[in-house]
1. Checking H73 against (1) of a type outside the set (G, A, S); (2) open to solvent by 40 Å² or more (accessible area, probe 1.4 Å); (3) closer than 23 Å to E338 by Cβ, which test does it fail?
2. Does the range 177-184 contain at least one residue that is open to solvent by 60 Å² or more (accessible area, probe 1.4 Å) and at pLDDT 95 or above?
3. Restricting attention to the range 186-206, does a residue exist that is open to solvent by less than 30 Å² (accessible area, probe 1.4 Å), under 23 Å from M316 (Cα atoms) and among the acidic types (D, E)?
4. For the range 331-343, which residues satisfy the criterion of being more than 15 Å from the chain's Cα centre (by Cα) and buried (at least 22 other Cβ atoms within 10 Å of the Cβ)?
5. Between a residue in the range 212-228 that is within 23 Å of I251 (Cβ to Cβ) and without any contact (Cβ under 8 Å) to a residue 40 or more places away in the chain and any residue that is part of a loop (DSSP other than H, G, I, E, B) and open to solvent by 60 Å² or more (accessible area, probe 1.4 Å), which pairs come within a Cβ distance under 6 Å, given they are 6 or more apart or on different chains?
6. Out of everything in the range 51-68 that is hydrophobic (A, V, I, L, M, F, W, C) and either outside any loop (DSSP other than H, G, I, E, B) or modelled with pLDDT under 95 (or both), what residue ends up being nearest to L149 (Cα to Cα)?
7. Kindly indicate whether A30 is surrounded by fewer than 24 Cβ atoms within 10 Å (Cβ to Cβ) and not basic (K, R).
8. Quick one: which residue in V324, V303, V346 is closer than 20 Å to S127 by Cα, touching a Ser or Thr at 6+ places or on another chain (Cβ under 9 Å) and open to solvent by 70 Å² or more (accessible area, probe 1.4 Å)?
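The values are calculated or read from the model by the stated rules, or taken from the named source; none is laboratory data. Just so we're clear, the structure is a prediction, and the values are computed from it rather than from any experiment. Neighbour counts are summed over all protein chains in view; Cβ atoms, including those assigned to glycine, are modelled from backbone coordinates with ideal geometry. These accessible areas exclude ligands, DNA and RNA; they are computed on the full protein's heavy atoms, side chains included. Shrake-Rupley method; radii C 1.70, N 1.55, O 1.52, S 1.80 Å.
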Amino acid sequence: MRGVVFDGRRVRVVDDLAVRDPGPGEVLVAVAAAGLCHSDLSVVDGTIPFPVPVVLGHEGAGVVAAVGAGVTHVAPGDHVALSTLANCGTCAECDRGRPTMCRQAIGRPGRPFTRGAEPVYQFAANSAFAERTVVKAVQAVRIPEDIPLTSAALIGCGVLTGVGAVLNRARVDRGDSVVVIGAGGIGLNVLQGARLAGALAVVAVDADPAKEALARQFGATDFLTSAEGVRGILPTGADHVFECVGRVDLIRRAIDLLDRHGQAVLLGVPPATAEASFLVSSLFLDKAILGCRYGSARPQRDVALYAGLYRRGRLMLDELVSAVYPVEDFEKARTDAEAGRVARAVLTF
C-alpha cells in the first residue's frame, strides 16, 4: 500500500508499505484524507526529534476496515476521525479526565508498519499518511457520515488543538479579550474557538496581510501585521494571548502583551532545546504562562462536540481546507504549506 515515509534524509511516497492486522483493543482504518500539519514538517526538519524510518501524518479520517477483540464502540464501515492520543484509560491522569497527560501515550512509538523485512515507526500513534493504519480503539472517534472526510480529517489535530486551547486550557470567558499570534491552521482554530467562547475583542497578528480575510472569517475582530499595534487596540493588554508560531521572540512578545491576570498560551513548536526569557516581575500581577498539549482534549468527547457544532453551522471545517492533493503530490503540498499558501493542505488516498 501507499504511504509517506521519512527515512531521516528524505521524504518519499512509497507503494510497498504493509501494516499488521489489529490486535485486541485496536482498530484498522482505511484512511480517506489527512491534513498536512506543521508538526509533520517539524519531524522532517528535526524540530521534533523522532526515530526513523517513520510513516508521517497524524491528522486524518477514514472508514473502519476491521476491529480487534473487545472493540465495541466502532464497527467496520463506520466513519471515524483519528486522534493522536493512545492513552491507556486507566491511569490516574486518564481517570481525572486528562488523557493528554497519560504517560502511556507519550514517548513510546510503535512499529506496526513494515517495508520488506524492515519495521517502520508510527508517528504520533497515528500515521495518517498511509492507506491503512492501526490505532488503539480510543483513538478512533465515530463521526456522522454526512461530514466530508476531507473536512473531518482536520478535527483530529488542528481543531482539537486550537479550539481546545481556548475552551479547555485557557477557558476564555464571555467578554474576554484575545490576541492570536499566527493565523495559520492552528491560529485559525484559536480564532474560531474565541468566537465560540464569546470573546469580545479578538486580534489576529500575522506578518502576511493576505491572511486577513480568512482570519476575520474565522472570528478576528481586528487584524495586524505586527504585534506593535496591539496596544492601540487593547491599551491595558489582553486577557489571553496565544502564540501559534513557535518563535521564542514571539513567546516573549505574548507575555509582554498581557493585561493583569492575563495568560499566555504556548501552542507553537520551537526547537526542542529552545529557551525563552521574560521579566519575572512582569508575572507578579497574577499573570501566567500556560503550556498546552493537544488542546487539553478529551477526544471521544470533544470530537463529537465539534462535529455537532459543524453540522449546526457554528464550527468551520470546510473553510480550513485550502487545497486537496492526491498523496502522490505530497511534495507540492509540502511546498505550499511551507510557503504559507494554505491554511491546511489535505492529502487523499
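1. H73 satisfies every listed condition except (3).
2. The first filter runs over the range 177-184 and keeps only residues open to solvent by 60 Å² or more (accessible area, probe 1.4 Å), leaving none.
No - not one qualifying residue is present in the range 177-184.
3. Yes: one or more hits.
4. If the condition is that a residue be more than 15 Å from the chain's Cα centre (by Cα) and buried (at least 22 other Cβ atoms within 10 Å of the Cβ), then A333 is the only one that fits.
5. Sorted first by the residue in the range 212-228, then by its partner, the pairs are T225/A207.
6. A61
7. Working: surrounded by fewer than 24 Cβ atoms within 10 Å (Cβ to Cβ): yes; not basic (K, R): yes.
Yes; evaluated as a whole, the condition is true for this residue.
8. V324
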